[in-house]
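Chemist: Quick one: the structure is below, questions incoming.
Here, each number is a calculation from the coordinates, and none is a lab measurement. A quick note: this is a predicted structure, and the numbers were derived from the prediction, not measured. Cβ sites come from the backbone with ideal geometry, for glycine too, and all protein chains shown count toward neighbours.
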Amino acid sequence: MTNSLNRRALRREETREKILRAAVRIFAELGFEAASMGSIAARADLKKALVQYHFETKLNLWQEAVNFLWSELHTLEDGLPRLSDFSSHDDEREILRQVLRAIIRFAKSHPDWVGIMFREASSPGPRLDWLVENHLKRDIEDGTAFIATAQSHGLLPEGPPLQILNIISGALTYPLLVAPLTKRATGINMASDESLDATVDILLNMLKP
């Protein structure tokens, strides 16, 4: 009996995750208004009724999909080394490089992370307020604290940490957003691992105090 219950619980979680992954893609591609429970069900290759069984409303599904996406980001962040763990300047510069490389690779493997943020920021409303309160506020606070620490260790130039955070964030995400266009125009894949590493190295050289 216990094994049967465990199998049902596992199937339920697997189905729920399948729906959430499909929802993340659809909300990023189409936006909240254009997305539907039916289109999400089709992307997940499930019946619409099953999606509605797990998530009663589209808003509830959007919120849970965003929570799911950000949980993957926070898992990445929790595994990153911290500047305070190292003492030598050379070690700290390498840690800064590792952190930026991890972020740009996350953005590459999770394009919907950037897509959902940009879509919601372009039409401010209750969903953006919810996103800020539940995720983006923490991201900004953690990001500016990291920048301030790097500045205090002489790794980044002086200036408002929030502005430097925005400069770095833009430099890490923009090449990915225009990568398809750049490849068509030049034949160069700006989203390759080699190009992404070069982007981080160039950025750090530009921001060297």
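Chemist: Cα-based Rg (one decimal) and Dmax (whole number) for the range 89-207, in Å?
Modeler: Taking only Cα atoms of the range 89-207, I get Rg and Dmax of 15.4, 45 Å.
Chemist: So how far, in whole Å, is the C-alpha centre of the range 165-208 from the one of the range 33-71?
Modeler: The distance from the Cα centre of the range 165-208 to that of the range 33-71 comes to 32 Å.
Chemist: Evaluate the distance, in nm, between pseudo-label points positioned 7 Å from the Cα of ALA9 and of GLU133 along their respective Cα→Cβ axes.
Modeler: 3.2 nm
Chemist: Quick check: net charge around PRO126, other residues with Cβ under 11 Å of its Cβ, Lys/Arg +1 and Asp/Glu -1? Walk me through the numbers on the way to the answer.
Modeler: Values: positive: ARG127; negative: GLU120, ASP129, GLU133.
With Lys, Arg at +1 and Asp, Glu at -1, the neighbours total -2.
Chemist: Reachable lysines from LYS48, Cα under 22 Å, same-chain residues fewer than 8 places away excluded?
Modeler: LYS48 reaches LYS18, LYS58.
Chemist: Still on this structure: Report which label in [x] 59, 48, 33; [y] 108, 49, 29; [z] 73, 32, 31 holds the value of Cα extents along the principal axes in Å derived from the coordinates of this structure.
Modeler: Of the labelled values, this structure produces [x].
Chemist: Springs between alpha-carbon pairs under 10 angstrom, Gaussian network model over the chain: which of VAL24, VAL178, VAL99 fluctuates most?
Modeler: Fluctuation is largest for VAL178.
Chemist: Summing +1 for each Lys or Arg and -1 for each Asp or Glu, what net charge is found among the other residues whose Cβ lies under 14 Å from the Cβ of ARG8? Please list the in-between numbers first.
Modeler: Working: positive: ARG7, ARG11, ARG12, ARG16; negative: GLU13, GLU14.
Residues close to ARG8 contribute a combined charge of +2.
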